[in-house]
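Every number in this text was worked out from the coordinates using simple rules, so none of it is lab data. Note that the coordinates shown come from a computational prediction; the quantities given were computed from them, not determined experimentally. Cβ coordinates were reconstructed from backbone atoms using ideal geometry, including for glycine residues, and neighbour counts include every protein chain displayed.
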Amino acid sequence: MELETIPVNRPRITESDIEAVTRVLKEGWISGDSPEVERFEEEFSSLHNCRFGVAVPNGTIALDLLFSVLEIGPGDEVILPSFAIISCLSQVLRLGATPVFVDSEPLTWNMDASQVRQHVTEKTKAILVVHTYGLPADMDPLIEVASEFGLMLIEDSAESHGLAYKGVTCGGFGLASTFSFYANKNVTTGEGGMICTRNEELFHRLRYFRNLTFDATNRFVHSELGWNYRFTGIQAALGRSQLKRLGEMVLYRRRISEIYQGFLEELPGVKFAPSITQYAENDYWVSGLTIDKSLYGSAQGLRSALGDVGVATRPFFYPLHRQPAYMKSPVYRERHLPVADWLYDQGLYLPNGLGLELTEVEEAARRTRKILIGWGT
Ligand SMILES: *Cc1c(COP(=O)(O)O)cnc(C)c1O
């Protein structure tokens with residue numbers, strides 16, 4: 001019997017989202033100059049503890065533009081987690097800077113903040129921290145190291161819209177933070193991204209480089225080279241409408257994860273990241289889990305078995321310190337980061353899109369449980 005496949009992600013688009021987009025389409029304010037863009041920037045950035053927001057076409061460009069404007073360059077070192085998306089690494093390499101990777105904590109999967117200090121050198125310029133899979137990272141030790149050594153602290157908050165560290169919403173702890181509005185993020189505009197900051201000078205530089213370095217006095221004379229990284233009014237209208245439901249969406253992710261944990265948590269060798277730490281609550285932006293190799297083999301094997309019973313999955317991030325594109329680069333350094341390696345080998349995530357019905361999630365959890373029980377005994 002063919003089982004209907006439950007997708008990893010299905011975005012939730014409501015009638016009010018459609019009305020919001022229709023409204024700007026009717027008004028005709030659709031370009032990057034639409035007042036809707038500034039409204040979205042203000043609303044989103046203030047919610048994330050920042051005075052300023054600069055919306056861009058996606059979360060990768062948010063990182064690219066930020067690193068460029070901060071003039072990260074050859075000889076500079078950037079400390080970042082190995083367990084992260086390629087977007088965190090690509091511009092560091094393109095700019096000729098040297099990435100310095102830090103391993104993850106086995107429990108939270110976030111960058112181990114206690115290992116950061118030992119990697120600081122005279123060349124260190126920035127720390128990029130990622131709030132991984134919906135659990136805010138431990139910020140205090142990073143803020144301390146950054147201020148002690150005068151480093152720029154950047155939060156990649158693409159996976160932590162609306163989440164708090166010690167009661168304070170993530171995004172404003174360092175010099176700047178970046179967000180993505182891809183279709184699986186808590187607030188989506190299809191594609192999209194934003195840089196948030198409290199630094200007014202940085203804000204103006206980001207806007208200037210986003211918009212082709214047009215000059216206020218002599219528009220078509222350019223003393224520096226910029227990009228057209230503008231965001232559209234159509235996307236902004238969708239983003240504003242989505243933002244109104246952010247709190248609700250965070251709760252929905254948690255609800256989904258509770259279902260998976262209910263079905264799977266008591267099985268031996270199956271582990272989820274903690275729902276709560278001393279400093280933050282997990283919203284389980286993805287419903288990720290790790291499986292014990294001796295009981296169940298690799299995550300890849302489980303993914304293929306789940307695929308056969310109609311449960312779509314995704315693997316965990318491939319460690320950045322082993323990316324072929326990095327190994328070819330002149331700044332490559334061999335490193336041994338066992339937790340990042342283990343997460344890739346043994347981790348996967350299950351369907352948890354905001355547009356999924358809870359009954360679909362239950363069905364995915366039931367099918368997963370059945371396979372694991374069969375294998376684990
Ligand atoms: C999604 C994501 C990005 C990239 O965002 P895009 O909009 O897909 O380019 C960057 N960092 C993290 C941590 C992400 O989850």
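Which ³J(HN,Hα) values, rounded to whole Hz and listed in residue order, are derived for segment 331-344 from phi using the Karplus coefficients 6.51, -1.76 and 1.60 in 6.51 cos²θ - 1.76 cosθ + 1.60 with θ = phi - 60°, glycine and proline given as x?
Those phi angles translate into 9, 4, 10, 6, 9, 10, 10, x, 6, 4, 4, 4, 4, 5 Hz.
Place the peptides 111-121, 132-142 in order of packing, highest mean first, counting for every residue the other Cβ atoms within 10 Å and averaging per peptide.
On the way: 111-121: 16.8, 132-142: 23.2.
Output ranking for 111-121, 132-142: 132-142, 111-121.
Hull surface divided by four, with the convex hull built on the Cα atoms of segment 270-314: how many nm²? Let's see the in-between values first.
Details: hull surface 15.5 nm².
So the mean shadow area of the Cα hull is 3.9 nm².
Run through every distinct alpha carbon pair of segment 233-377 and return the Kirkwood hydrodynamic radius in angstroms, one decimal place.
Numbers: mean 1/r = 0.0585 Å⁻¹.
For segment 233-377, the Kirkwood estimate is 17.1 Å.
What does the charge dipole of the chain about its Cα centre add up to, to the nearest 20 debye, if the Cβ of each Lys and Arg holds +1 and the Cβ of each Asp and Glu holds -1? Don't jump to the answer; show the numbers that get you there.
Values: 36 positive and 47 negative charges, 90 e Å.
In debye, rounded to 20, the chain gives about 440.
If each Cα of segment 66-218 is one equal point scatterer, what is log10 of I(q)/I(0) from the Debye formula at q = 0.11, 0.19, 0.21 Å⁻¹?
Rounded to two decimals, the profile gives -0.42, -1.26, -1.51.
In nm², what is the average projected area of the convex hull enclosing the Cα atoms of the chain?
Across all orientations, the chain yields a mean hull projection of 20.0 nm².
If we sort 7-19, 325-337, 245-257 on the protection proxy, mean other Cβ atoms within 10 Å, highest first, what's the order? Before the final figure, lay out each step's value.
Working: 7-19: 14.9, 325-337: 13.1, 245-257: 17.8.
Answer by packing, highest mean first, reads 245-257, 7-19, 325-337.
For segment 98-200, which GluC sites (Glu not before Pro) are both in a DSSP coil and crowded by at most 13 other Cβ atoms within 10 Å? Please list the in-between numbers first.
Working: sites: E122, E144, E148, E155, E159, E191, E200; in loops: E122, E159, E191.
Loop-located and lightly packed - E122.
May I ask for the net charge around A176, where only other residues with Cβ less than 14 Å from the Cβ of A176 are counted and Lys, Arg are +1 while Asp, Glu are -1?
Working: positive: R51, K125, R198, R205, R207, R210; negative: E41, D64, E71, E155, D156, E200, E201.
So the surrounding residues net to -1.
Given that compact globular proteins tend to follow 2.2 N^0.38 Å, what is the ratio of the alpha-carbon Rg of segment 6-122 to that value? Could you put the intermediate results ahead of the total?
Details: Rg = 19.1 Å, N = 117, 2.2 N^0.38 = 13.4 Å.
Against the compact-globule rule of thumb, the ratio is 1.42.
So for the chain, averaging the separation of alpha carbon pairs under 8 Å that are six or more residues apart and normalising by length, what relative contact order in percent results?
Details: 793 pairs, mean separation 88.7, N = 377.
Relative contact order of the chain: 24 percent.
Between segment 338-377 and segment 175-221, what's the alpha-carbon centroid distance in Å?
Centre-to-centre (Cα) distance: 36 Å.
Name every cysteine in the chain that ends up alone, with no second cysteine's Cβ under 4.7 Å, or say none.
Lone cysteines by the Cβ rule: C88, C170.
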